[in-house]
Amino acid sequence: MIIELGHFALILALAVATLQAGLTLTGAARNDLNLMAAGRLAALAQFALIALAFATLVHAYFVSDFSVANVAENSSSAKPLLYKLTSVWGNHEGSMVLWVLILALYGAAIAWFGDAMPPRLCARVLGVKGLIAIGFLLFILLTSNPFLRLSPAPEEGMGLNPILQDPGLAFHPPFLYLGYVGFSVAFAFAVAALIDGRVDAAWARWVRPWTLASWCCLTLGIAMGSWWAYYTLGWGGWWFWDPVENASLMPWLAGTALLHSAIVVERRDTLKSWTILLAILTFSLSLVGTFLVRSGVLTSVHAFALDPRRGVFILVLLCIAIGGSLALYAWRAPAVEPGGVFAPISREGALLLNNLILASCCATVFIGTLYPLFLDAVGGPKLSVGYPFFDRTFVPLMIPLLLAVGLGPLLAWKRGDFLGALQRLWAAFAAVIAAMLVTFYLSHGGPVLSVLGIGLAAWMGGGAIVEIADRLRLFRAPWPDVVRRALTQPRASYGMTLAHYGLAVTVAGIAASGFEQQGIALLHLGQTLPVAGYTLRFDGIGRHEGINYTADRGDFTLLEGTRVVAQLEPERRFFPLQQQTVSKTAIHTNFFADFYLALGDPDNKGGWAVRAYWKPLVPFIWIGGVIMAFGGAVSLSDRRWRIGIVARRAGKAALPADRSRA
Amino acid sequence: MIRALIAAAILLGAMPAALAVEPSEMLPNPALEARAEAIGKQLRCLVCQNESIEDSGADLAHDLRVIIRERLKAGDNDGQVVKYVTDRYGAFVLLKPPVEPATYLLWFSPFAILILGAAGAWFYLRRRPAPPDEPLDLDQRRQLERLLLDDQ
Amino acid sequence: MSWRRAIYLLPLAAFAALAIYLSHGLAPGYNPELLPSAMIDKPAPAFDLAGLKGEARLTNRAFTDEIVFVNFFASWCVPCRQESPVLMDLSRRNVIVLYGIDYKDKPADAEKFLQQYGDPYRRIGVDDSGRTAINFGVYGVPETYAIDRTGHIRWRHVGPLTDDVVKNEILPLLQRLGAS
């Protein structure tokens, strides 16, 4: 009964979305404020309806209602409550409902906060979002409906894939969707601007907060996914260039480029048609990613169930949404006024370099991911593109950009002083040399390339610190002056510093993987294994029962000399329902290094295979991601994004001139 | 200098994951074992999608790891060992797509795109600035001076 | 159309090309997990395997001067059960000469499997280590290979055999290779 309510709510949401699109786009065309206001209400209603539908699905999972086909296929009663919740989006149909829920959430947010926006812009944005919603609601209702009943209802469900039963998984998909579904807002803004024929600084100001919010969530989502893979999959890797991973990385790269080029549009009123294109492409990449994951076109360790019919539907959606917007772009973009010029060595130049490299990196990942399909389509040999390709292309492309991150923020607008900036970065140079020397010493002459990588990270981090110090006139102006400057800085500048610094931290974590040490052995009770200056002692093995699994649990003691550092309990879990064995690693971290322990197969003579790794700086990879997202959030809290309120009070839509360097 | 940086970048990016190799498979000779690992990391596990046979716990991966070590012990060089596997499974088993006419587009496009993009950016930066407006007359010039003085 | 306009059309053109490739991926015959065999037209690998239930050993020398099909199967393999009826039918009607190789299986389990689903094979070899399978380029079960009179592999099918495959691939293949 409740599920039918949810089903009905979703159908109603489709009708409301149609209404939303119709009202807003007609209202904007006719400049009819009443129609546009009604459209905004429709957006709020759409969100409420989809939220209701989602809630009924969650309810069905919580009570283990196996008469609902989706619950029967993906859940079981003997499952912890948390995983009953996460199962809702651990499958294709449920995750699509989450997808449209977040789409509607952003739409409702725009409708709610849209008072400050020019009404026609707000209306058009909601109109485009409504059109997208129509497409995906149709997709759900016609091909991927989770509200269908199963008759007769089975006694027990098929359960959730054991590998997905993990707290990290609970938050990974929602954040990912908040990210790349959120880019639909930038997309809608771009289409609205094309319809309007006008792109100006005001438009860029409106786009940035929404793009920033999406970007923060996507950064966290990707970091979480990577961290989850690291501790779950039992082999210590954290990025595999898997098609599904690439599908989330590409919008991130494009979104980062978009954030930076929007700055140029806002401050210098140039790079406008490129930014519009980028906004369209970012969400297009999200859509293409959705297609890749759900259509069976690419193999992936964690792709959803393969169904070409669904693929056809999404492909048609893609053609309409992406093809339509790009056609609109081809038609209307030439009308956008070209903006001011700038010297190649300048802040704009650095941002242009940022875009150039990020776009190339994104294209590289795209080509690598789709190349096997392309080859097959043109009748070529069957080849696979694995991590060696991406390592040899993506990484060299990124290096110049990472170098520029340290220098770029120190360049002035319009025409920058390259040598002057380099001189001001003397402290960063010193940091680089110091970091490399220290690393070289500590790692007893470790791989040169990892040492260089640490140097690069030091350059980026040093550059970020030098920039903020320079801006605050630290050590150059009297202290009261510095404090005053510190307090009156727009938050966005702190956000930038944090984000760039976070990136440096991540780079350090990645570079340090060259210093990793390992120990692999067959251990009997009482035996020890020396790894990286630690001693690992095998103390015991026992059986352990979980709610829906049985496990062999090893007891290990990690010693440094004679001092006990940690007790580690890796497990091998067997899930009888799915007949699957999953390894649960034990990790001891002090946030500067991880000691990573995985239990392997027994040899049935009392010995157990044990794989132990010491991974220095690996936590930095995800800590850096969190810092980046935090920096984005700080930028988001900048009061200039609430400028609309000020403008409204002042009675005009124009924005005050802003001469601060930010 | 640039080449060294690029080489650094390439090898930096080679991320050592943890391994699925069992202690019983490992060769006693560390040099041979290291070669076996390096070869194994280049070969795709065909039943797992996107893992190398060194990283995968699958049966087939285990079998191939054992075969690689046997062949190395028998004295094959790295190329011969890889050929042993590709003879049976085709080039698909290589994680690094071979650089051949079918993949020139793949391997050269990243830098080609970068260069094309840079060229595009260059032409964009070289755009002619807008032609100067009509020269100001005396009144307008006085107005301009006054405004500039006010601003300071 | 001016230069400028043409450039603005590039993204749309690129997307159109992409859409075409993506639709190719949706075509019914496309399966990214299906690998073409690297052993086609190469001589079948030599092997010498123990027989099942105390029978004589199976070696490739047994494949003299006739077109032979080798089917890799296992008792623990679910799709193998799906193809059993097809294999039994082929064997009963004497359409092909079929040998079986039991991949990584316990002989007792294999015997039970054959009792339950039928034994379509002329003879069976037991590939305990899986080494013979690797020499053939097997990466999963079931897989079926066709070896011609000269001892070369001419065809491989991955996955269970179906009536469609028999009609559309095996029968034409037999004609091509000149079955008597």
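The values are calculated or read from the model by the stated rules, or taken from the named source; none is laboratory data. In this text the structure is predicted, and so the values were computed from the model without any measurement. FYI the Cβ positions are ideal-geometry reconstructions off the backbone, even for glycines, and counts take in every protein chain you see. Calculation scope for accessible area: heavy atoms of the full protein, side chains included, ligands and nucleic acids excluded. Shrake-Rupley method; radii C 1.70, N 1.55, O 1.52, S 1.80 Å.
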> Counting only Cα, what are the radius of gyration and maximum Cα-Cα distance Dmax of region A:134-257, in Å?
Replying inline: 18.9, 61
> Mind checking how much accessible area A and B bury in total, 1.4 Å probe, in Å² rounded to 100?
Replying inline: 5000 Å²
> Using alpha-carbon pairs under 8 Å, 6+ residues apart, how would you state the relative contact order of chain A in percent?
Replying inline: 11 percent
> If R0 is 30 Å, what FRET efficiency do you get for residue A:555 and residue A:605 from their C-beta distance, rounded to 0.05?
Replying inline: 0.95
>> What number do you get for region A:19-118 when its Cα radius of gyration is normalised by 2.2 N^0.38 Å, N = residues?
In response: 1.40
>> Quick check on chain A: helices-only [θ] at 222 nm, where DSSP H runs of length 4 and up contribute -39,500 (n - 2.57) each and the sum goes over total residues. Nearest 500, please.
In response: -21000 deg cm²/dmol
> Just which residues of region B:98-118 lose 30 Å² or more accessible area with every protein chain there, against their chain alone, with the probe set to 1.4 Å?
Replying inline: B:102, B:105, B:106, B:107, B:110, B:111, B:113, B:114
> What is the percent of Cα-Cα separations in region A:532-631 that go past 15 Å?
Replying inline: 67 percent
>> I'd like the carbon and sulfur percentage of the solvent accessible area for the protein assembly as shown, probe radius 1.4 Å, heavy atoms only, ligands and nucleic acids excluded.
In response: 63 percent
> Which order do C:112, A:615 take by accessible area at a 1.4 Å probe, largest first?
Replying inline: C:112, A:615
>> Suppose the Debye formula is applied to equal point scatterers at every Cα of the protein assembly as shown; what is log10 I(q)/I(0) at q = 0.06, 0.08 Å⁻¹?
In response: -0.51, -0.89
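Could you list the square roots of 5 times each eigenvalue of the Cα gyration tensor of region A:225-382, that is, the equivalent ellipsoid semi-axes, sorted largest first and rounded to whole Å? Before the final figure, lay out each step's value.
Details: eigenvalues 206, 89, 36 Å².
Over the Cα atoms of region A:225-382, the semi-axes work out to 32, 21, 13 Å.
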>> Probe of 1.4 angstrom, ligands and nucleic acids ignored: what's the accessible area per residue over chain A, in square angstrom?
In response: 38 Å²
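What whole-number value in Å² describes the accessible area per residue of region C:119-161 for a 1.4 Å probe?
Spelled out: the 1.4 Å probe surface of region C:119-161, per residue, equals 29 Å².
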> Any idea what the relative contact order of region A:116-214 is, in percent, if you count C-alpha pairs under 8 Å spaced at least 6 apart?
Replying inline: 44 percent
> When the helix-only estimate is applied to chain C (DSSP H runs of n ≥ 4, each -39,500 (n - 2.57), divided by the residue count), what is the mean residue ellipticity at 222 nm, nearest 500 deg cm²/dmol?
Replying inline: -11000 deg cm²/dmol
> For chain C, which DSSP H helices look membrane-span-like by this rule: Cα extent along the axis of 27 Å or more and mean Kyte-Doolittle of at least 0.0?
Replying inline: C:3-26
> What is the spin-label model distance, in nm, from residue B:105 to residue A:488 if the labels are put 7 Å beyond Cα along the C-beta direction?
Replying inline: 5.8 nm
> So for region C:76-177, taking the charge dipole from beta-carbon charges (+1 Lys/Arg, -1 Asp/Glu), which of C:79, C:130, C:146 sits furthest toward the positive end?
Replying inline: C:146
> Cross-link partners among aspartates and glutamates for residue A:414, C-alpha distance below 15 Å, same-chain residues fewer than 8 apart left out?
Replying inline: A:266, A:269, A:348
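Apply the a/c threshold of 1.5 to the C-alpha gyration tensor of region A:307-387 and tell me whether it is rounded, prolate or oblate. Write down the numbers at each step before the final one.
Working: a/c = 3.29, a/b = 1.49, b/c = 2.20.
It comes out oblate by the Cα gyration axes.
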> To the nearest whole percent, what portion of all C-alpha pairs in region A:355-400 is separated by more than 13 angstrom?
Replying inline: 56 percent
> Tell me, what ³J(HN,Hα) does each residue in region B:69-84 have, in order and in whole Hz, if you take phi through Karplus 6.51 cos²θ - 1.76 cosθ + 1.60 with θ = phi - 60° and put x for Gly and Pro?
Replying inline: 5, 4, 5, 5, 5, 6, x, 5, 8, 4, x, 5, 5, 4, 5, 3
>> Going through the cross-link list A:382/C:104; C:53/C:112; C:53/C:106; A:584/A:615; C:53/C:104; B:83/C:104, which pairs have a Cα-Cα distance over 19 Å in this structure?
In response: A:382/C:104; B:83/C:104
>> Please compute the length gained on full extension between residue A:5 and residue A:85, using 0.36 nm multiplied by the number of residues separating them and subtracting their Cα-Cα distance.
In response: 26.9 nm
> Are there chymotrypsin sites (Phe, Trp or Tyr not before Pro) in region A:506-615 that DSSP puts in a loop and that have at most 15 other Cβ atoms within 10 Å, and which ones?
Replying inline: A:591, A:592
>> Just to confirm the filter: which trypsin sites (Lys or Arg not before Pro) across region A:397-485 are DSSP coil and have at most 10 other Cβ within 10 angstrom of their Cβ?
In response: A:476
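Show me the helices of chain A, taken as full DSSP H stretches, that run 27 Å or more along their long axis by Cα and average 0.5 or above in Kyte-Doolittle hydropathy.
Working: long enough: A:2-30 (41 Å, 1.44); A:33-62 (44 Å, 1.55); A:92-113 (32 Å, 1.50); A:119-143 (35 Å, 1.75); A:201-232 (45 Å, 0.46); A:243-268 (37 Å, 0.46); A:272-295 (34 Å, 1.36); A:347-377 (43 Å, 1.19); A:387-407 (30 Å, 1.37); A:448-471 (34 Å, 1.31); A:491-511 (30 Å, 0.84); A:618-636 (28 Å, 1.90).
Span-like helices in chain A: A:2-30, A:33-62, A:92-113, A:119-143, A:272-295, A:347-377, A:387-407, A:448-471, A:491-511, A:618-636.
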>> When 1/r is averaged over all different Cα pairs and the result inverted, which Kirkwood radius in Å belongs to region A:15-57?
In response: 10.5 Å
> Where nothing but the Cβ of Lys and Arg (+1) and of Asp and Glu (-1) is charged, how large is the charge dipole of region B:19-122 around its Cα centre, in debye to the nearest 20?
Replying inline: 300 debye
> What's the extension gain from residue A:415 to residue A:433 if we count 0.36 nm per residue and subtract their Cα-Cα distance?
Replying inline: 3.5 nm
>> Suppose we look only past 23 Å in the calculated P(r) of chain C. What percent of the Cα-Cα pairs does that tail hold?
In response: 47 percent
> Which residues of region B:60-81 show a drop of at least 30 Å² in accessible area when all protein chains are present, compared with their chain alone (probe radius 1.4 Å, heavy atoms only, ligands and nucleic acids excluded)?
Replying inline: B:60, B:63, B:67
> Could you list, bin by bin from short to long, the percent of Cα-Cα pairs of region A:351-455 in 5 Å steps?
Replying inline: 2, 10, 14, 14, 14, 14, 11, 8, 5, 4, 2, 0
>> Rounded to the nearest 20 debye, what is the charge dipole size of region A:369-476 about its Cα centre when +1 sits on each Lys and Arg Cβ and -1 on each Asp and Glu Cβ?
In response: 360 debye
>> Buried accessible area between C and A (1.4 Å probe, both chains summed, ligands and nucleic acids excluded), in Å² to the nearest 100?
In response: 2300 Å²
